[in-house]
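Novice: Dropping the structure in here first, questions after.
The values are calculated or read from the model by the stated rules, or taken from the named source; none is laboratory data. Since this is a predicted model, take the numbers as computed values, not measurements. Glycine gets a Cβ as well: all are built from the backbone with ideal geometry, and neighbour counts include every protein chain shown.
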Amino acid sequence: MTLMSVPVIDISPFRSGTPAQKAEVAAQVAQACTDIGFLVISGHGIADDLISRMYRATKSFFEGPLENKLAVARPEAGQIRGYSGVEQEGLGLLEDQPAPPDLKESYDIGPLDAPADDYHQAEAAGAHFAPNVWPTGVEDFEPAYRAYYQAMEGLTLEMLEIFASALDLPHDYFVDKVDKHISILRTNYYPPQLTEPKPNQIRGGAHSDYTAMTILWQEDVEGGGLQVENKAGEWVDVPVVPGTFVVNLGDSLERWTNDRWVSTMHRVVNPPHEIARTQSRISIPYFVQPNYDAVIECIPTCFDDENPAKYEPMRNGEYLYMKFTQQNTLAAAE
Ligand SMILES: O=C(O)CCC(=O)C(=O)O
Ligand SMILES: [Fe+2]
């Protein structure tokens, strides 16, 4: 039976359970990844206090003075760093035409303290190790973001170990593909809607992520949240369960698994009309991006004679720029 809604999976037995319990977690994850590309994880081990710090710093930044945000505006179109304002990015495409731009603001950081060696400064590294731009005047901002980024690095390794098990791969299969990763931590702020949105304009247009996976924290608000398209073509709400993260697969893992696992369309809808003028929403996606030179090529357990590899191997850095260009992400500072 195909899952039509997003399951909530306690991953803690994978860390501390018996071999049978670990296998059970991997089997549940495999089903979610195959059927809907989304799961909600509990038992992830990230402290509530760290999430609260992140939330407080993020809310103070976005609801604080505009000049503080503009002081850390995206430094260059090609660098996914710093602040982008409302209507600067349109994630969605509508019948292959860009949808109206998103009703959100966002702020991005990338890898912390990348060494200035040949690997990190190579031409192929592009802007993936561009310096972060930190706002001033917001209490605990940089320390909270740093600690959260590091916590996500740890959770990524744990999820990738579960994925390896779910794909019948050696447990460390993905480790050397992310040891110099170029993941991006983004915070999204969806402001109250004081004016009526344009036709088809929503908080976040329908898109799939061009990550390996995304680990997302979402604020618990009434309506105006995240939805995913299931295999029946219906938009279903992604459950908001306090203390959990949403994990969704991105396009590169879909390609890596020869389409066995799916990277699904999702969107963020507007709040109900009655509360649109007062409701804001914060979400915190961590976009897991393997090393720029990691080769995205069909995973050994995902092809055979009957089901040959469908895609050419491609380095992640090149793959990403192809996707960014398609999605207009890099134009956001222009
Ligand atoms: O705000 C959300 O819940 C989802 C945001 C999202 O899909 C994205 O930033 O890629
Ligand atoms: Fe997304």
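Novice: Restricting segment 269-311 to residues that are without any contact (Cβ under 8 Å) to a residue 12 or more places away in the chain and charged (D, E, K, R), which is farthest from ligand 2 (Cβ to nearest atom)?
Specialist: Out of the qualifying residues, it is 305.
Novice: Looking at residue 114, is it within 29 Å of residue 85 (Cβ to Cβ), in a helix (DSSP H, G or I) and of a type outside the set (Val, Ile, Thr)?
Specialist: Spelling it out, it is not the case that residue 114 is within 29 Å of residue 85 (Cβ to Cβ), in a helix (DSSP H, G or I) and of a type outside the set (Val, Ile, Thr).
Novice: Output the helices (runs of 4 or more DSSP H) that fall wholly within segment 1-95 and possess 1 or more residues being under 26 Å from residue 144 (Cα atoms), or say none.
Specialist: By residue number, 12-16, 48-63, 66-70.
Novice: Looking only at segment 104-120, which residues are modelled with pLDDT of 95 or more and of a type in the set (Gly, Ala, Ser)?
Specialist: 106, 110
Novice: Take the conditions away from ligand 1 (no atom under 13 Å from the Cβ), at negative phi, in contact with a Lys or Arg (Cβ under 9 Å, 6 or more places away or on another chain) and not aromatic (Phe, Trp, Tyr) and apply them to residue 167. Does it pass?
Specialist: yes
Novice: Which one of these is of a type in the set (D, E, K, R) and at pLDDT below 95: 95, 139?
Specialist: Just a single option satisfies the conditions, and that option is 95.
Novice: Spot the failing condition for residue 256; the list is (1) over 19 Å from residue 187 (Cβ atoms); (2) aromatic (Phe, Trp, Tyr); (3) within 11 Å of ligand 2 (Cβ to nearest atom), and only one is missed.
Specialist: (3)
Novice: Taking only segment 191-222 into account, find how many residues are farther than 21 Å from residue 264 by Cβ, out of contact with any Ser or Thr (no Cβ under 6 Å at 6 or more places or on another chain) and either within 15 Å of ligand 2 (Cβ to nearest atom) or of a type outside the set (Lys, Arg) (or both).
Specialist: Within segment 191-222, residues that are farther than 21 Å from residue 264 by Cβ, out of contact with any Ser or Thr (no Cβ under 6 Å at 6 or more places or on another chain) and either within 15 Å of ligand 2 (Cβ to nearest atom) or of a type outside the set (Lys, Arg) (or both) number 11.
Novice: Which ones in segment 219-238 are at pLDDT 95 or above and more than 12 Å from ligand 1 (Cβ to nearest atom)?
Specialist: Passing the criteria: 229, 230, 231, 232, 233, 234, 235, 236.
Novice: Out of all the residues in segment 268-279, is one or more among the small types (Gly, Ala, Ser) and under 20 Å from residue 102 (Cα atoms)?
Specialist: yes
Novice: Kindly indicate whether any position in segment 172-185 is more than 16 Å from ligand 2 (Cβ to nearest atom), closer than 30 Å to residue 79 by Cα, aromatic (Phe, Trp, Tyr) and touching a helix residue (DSSP H, G or I) at 6+ places or on another chain (Cβ under 6 Å).
Specialist: There is at least one residue in segment 172-185 that is more than 16 Å from ligand 2 (Cβ to nearest atom), closer than 30 Å to residue 79 by Cα, aromatic (Phe, Trp, Tyr) and touching a helix residue (DSSP H, G or I) at 6+ places or on another chain (Cβ under 6 Å).
Novice: What are the residue pairs meeting all of these: first residue in segment 60-88, first residue in contact (Cβ under 8 Å) with a residue 12 or more places away in the chain, second residue of a type in the set (Phe, Trp, Tyr) and not in a loop (DSSP other than H, G, I, E, B), Cβ atoms under 6 Å, and 6 or more apart or on different chains?
Specialist: 62/189; 69/83; 72/83; 73/83; 83/107
Novice: Let me ask another. Looking at segment 226-253, which of its residues are charged (D, E, K, R), farther than 15 Å from residue 214 by Cβ and within 16 Å of ligand 2 (Cβ to nearest atom)?
Specialist: The answer is 229, 237.
Novice: Of all residues in segment 204-230, count the ones that are over 17 Å from the mean Cα position of the chain (by Cα) and closer than 15 Å to residue 39 by Cβ.
Specialist: Count: 1.
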